[in-house]
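Worksheet: the structure to be examined is printed underneath.
The values are calculated or read from the model by the stated rules, or taken from the named source; none is laboratory data. Predicted model only: the values in this text are computed from it and were never measured. Because the Cβ atoms are built from the backbone with ideal geometry, glycine has one as well, and the counts that use them run over all protein chains shown.
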Amino acid sequence: MKKRKIDIAVISDVHLGTHGCHADELIAYLSSIRPTKLILNGDIVDIWQFSKRYFPTSHLRVIKKIISMASNGTEVYYITGNHDETLRKFAGTSVGNFHVMNKLVLELDGRKAWFFHGDVFDVSIQKARILAKLGGYGYDLLILINRFINWCLNKMGREKYSISRRIKNGVKSAVRYINDFERTAADLAIENGYDYVICGHIHQPKKEIYQNKNGKTIYLNSGDWVENLTALEYSFKRWKIYRYNHDKLSPFFADEELKSMNMNELISSIIDLKQEKADTREKDEESIGD
Ligand SMILES: [Mn+2]
C-alpha cells in the first residue's frame with residue numbers, strides 16, 4: 001500500500017494500557033501515512049491506570065510502530081499529558097529522532113504553532129490563565145501545581161482530576177469545561193502571538209477559528225483513540241481533521257484542500273511550488289556540472 005506523505009500528523013489521548021484504546025485501528029492509520037513529523041500530544045500510554053494484567057500485544061505494537069517510524073526518518077515528538085506525567089521527568093531528552101517534551105512550538109510556513117496537551121487547565125482555568133501568561137515558567141509551574149493537587153487527592157483516597165471525572169460529575173459541567181478549555185487555549189494563543197494552538201486532553205476533535213479584540217487564532221484538537229479515532233494532519237499549508245471511521249484509509253486529496261483555499265493562499269502555494277521546482281532544477285544542474 002502506498003503511504004500518504006504528509007508534513008505533520010498529530011495524535012493524542014491514545015490511552016495505551018486501557019480497555020478503551022483502539023490500538024488496531026491506530027496501527028492501521030499509522031501504517032497508512034509517512035509524516036515528516038509525528039506529534040504525540042499527551043496521554044499516549046496511560047500510566048495512571050497501567051497494570052501488568054492488561055497490556056495486549058496490539059498496544060505494544062503501537063509503541064513498536066512509533067519507534068520504527070522514528071528510525072525510518074520521522075521526527076517524533078512525545079509531548080507529555082497527565083496520564084503519562086511520569087514521563088515529564090524526561091522532558092528535554094532526545095534519542096535520535098525521538099524527543100520528549102512538555103510543550104512544543106513550531107514554525108509552519110511562516111505561522112507559529114503551539115502544541116501542548118492541555119491538562120494544565122484542570123485545576124482552575126482562571127488561575128491557569130493568570131499563570132500561563134508568565135510564559136514558559138508559568139506553564140511548568142502549572143504542571144507542578146496540578147501534580148501536587150493530584151498527589152493530595154490521591155493521598156485523601158479521592159480520584160485525580162480528569163476529564164472522565166468531570167463527565168461523571170454531569171454533562172452540563174463537562175460542556176462548560178470544554179467551552180472554557182477551548183476559549184482559554186485560544187485566548188492565550190492570541191495573547192502570545194500564536195497562529196495555531198493544538199491541544200488534546202478533552203477528547204473533542206476540533207478545528208475552529210477563535211477571535212477576540214486582540215486578534216485571532218486557529219484552535220485545533222486531535223481528539224482521541226478511545227471514542228473518536230481522530231488525528232490532525234498538516235499538509236498543503238492546511239490543517240485537517242482525519243476521522244478514521246469516515247476517512248478510513250482514503251488518501252488525503254489535494255483537491256479537497258484546494259476547494260477550501262482562498263485566492264491568496266492558492267497563488268502563494270503555486271508560487272512556492274514553482275520556486276521549489278526552480279531550486280531543485282538548479283541543484284540538478286549543479287550536480288551535472290560536478
Ligand atoms: Mn489528558
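Which count do you get for residues in segment 192-238 that are farther than 20 Å from Glu107 by Cβ, surrounded by fewer than 24 Cβ atoms within 10 Å (Cβ to Cβ) and of a type in the set (S, T, N, Q)?
Total meeting the criteria: 5.
For the structure I just gave you, tell me whether Tyr242 is closer than 23 Å to Ala28 by Cα, touching a strand residue (DSSP E or B) at 6+ places or on another chain (Cβ under 9 Å), in the same structural domain as Lys112 (by TED's automatic domain parsing) and among the aromatic types (Phe, Trp, Tyr).
It is true that Tyr242 is closer than 23 Å to Ala28 by Cα, touching a strand residue (DSSP E or B) at 6+ places or on another chain (Cβ under 9 Å), in the same structural domain as Lys112 (by TED's automatic domain parsing) and among the aromatic types (Phe, Trp, Tyr).
Among the residues of segment 191-209, what is the count of those that are among the small types (Gly, Ala, Ser) and closer than 24 Å to His15 by Cβ?
Number satisfying all stated conditions: 1.
Only one of these conditions is not met by Lys5: (1) surrounded by fewer than 23 Cβ atoms within 10 Å (Cβ to Cβ); (2) within 11 Å of the chain's Cα centre (by Cα). Which number is it?
(2)
Rundown of residues vs (1) in the same structural domain as Ile241 (by TED's automatic domain parsing); (2) over 17 Å from the mean Cα position of the chain (by Cα); (3) modelled with pLDDT of 95 or more; (4) more than 28 Å from Lys216 (Cα to Cα), yes/no style:
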{"position": "Ile44", "(1), (2), (3), (4)": "yes, no, yes, yes"}
{"position": "Thr57", "(1), (2), (3), (4)": "yes, yes, no, yes"}
{"position": "His83", "(1), (2), (3), (4)": "yes, no, no, yes"}
{"position": "Thr93", "(1), (2), (3), (4)": "yes, yes, no, yes"}
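Taking segment 39-64 as the search range and keeping residues that are over 16 Å from Val226 (Cα atoms) and touching a Leu at 6+ places or on another chain (Cβ under 8 Å), which one is farthest from the ligand (Cβ to nearest atom)?
Among those that are over 16 Å from Val226 (Cα atoms) and touching a Leu at 6+ places or on another chain (Cβ under 8 Å), it is Ile63.
Only residues that are at pLDDT 75 or above, part of a helix (DSSP H, G or I) and not charged (D, E, K, R): list them for segment 147-172, please.
Answer for segment 147-172, where residues must be at pLDDT 75 or above, part of a helix (DSSP H, G or I) and not charged (D, E, K, R): Phe148, Ile149, Asn150, Trp151, Cys152, Leu153, Asn154.
Take the conditions in a helix (DSSP H, G or I) and within 15 Å of the ligand (Cβ to nearest atom) and apply them to Ala189. Does it pass?
It is false that Ala189 is in a helix (DSSP H, G or I) and within 15 Å of the ligand (Cβ to nearest atom).
Find the residue count for segment 3-22, including only residues that are outside any strand (DSSP E or B) and touching a residue at least 60 places away in the same chain (Cβ under 8 Å). Let's see the steps before the verdict.
Pass one, segment 3-22, residues outside any strand (DSSP E or B): 3, 12-15, 17-22.
Then drop every residue that is not touching a residue at least 60 places away in the same chain (Cβ under 8 Å), which leaves 12-15, 18, 20-22.
Of the residues in segment 3-22, 8 are outside any strand (DSSP E or B) and touching a residue at least 60 places away in the same chain (Cβ under 8 Å).
I'd like the residue in segment 192-207 that is assigned to a strand (DSSP E or B) and within 11 Å of the chain's Cα centre (by Cα) and, out of all such residues, is nearest to the ligand (Cβ to nearest atom).
Looking at the filtered set, the residue picked out is Cys199.
Looking at (1) on the phi > 0 side of the Ramachandran plot; (2) surrounded by 22 or more Cβ atoms within 10 Å (Cβ to Cβ), can you tell me which one Gly96 breaks?
Every listed condition holds for Gly96 apart from (2).
Against the definition (surrounded by 14 or more Cβ atoms within 10 Å (Cβ to Cβ) and either assigned to a loop (DSSP other than H, G, I, E, B) or in contact with a His (Cβ under 7 Å, 6 or more places away or on another chain) (or both)), how does Ile39 come out, yes or no? Outline the logic, then answer.
Details: surrounded by 14 or more Cβ atoms within 10 Å (Cβ to Cβ): yes; either assigned to a loop (DSSP other than H, G, I, E, B) or in contact with a His (Cβ under 7 Å, 6 or more places away or on another chain) (or both): no.
When the stated conditions are applied, Ile39 does not pass them.
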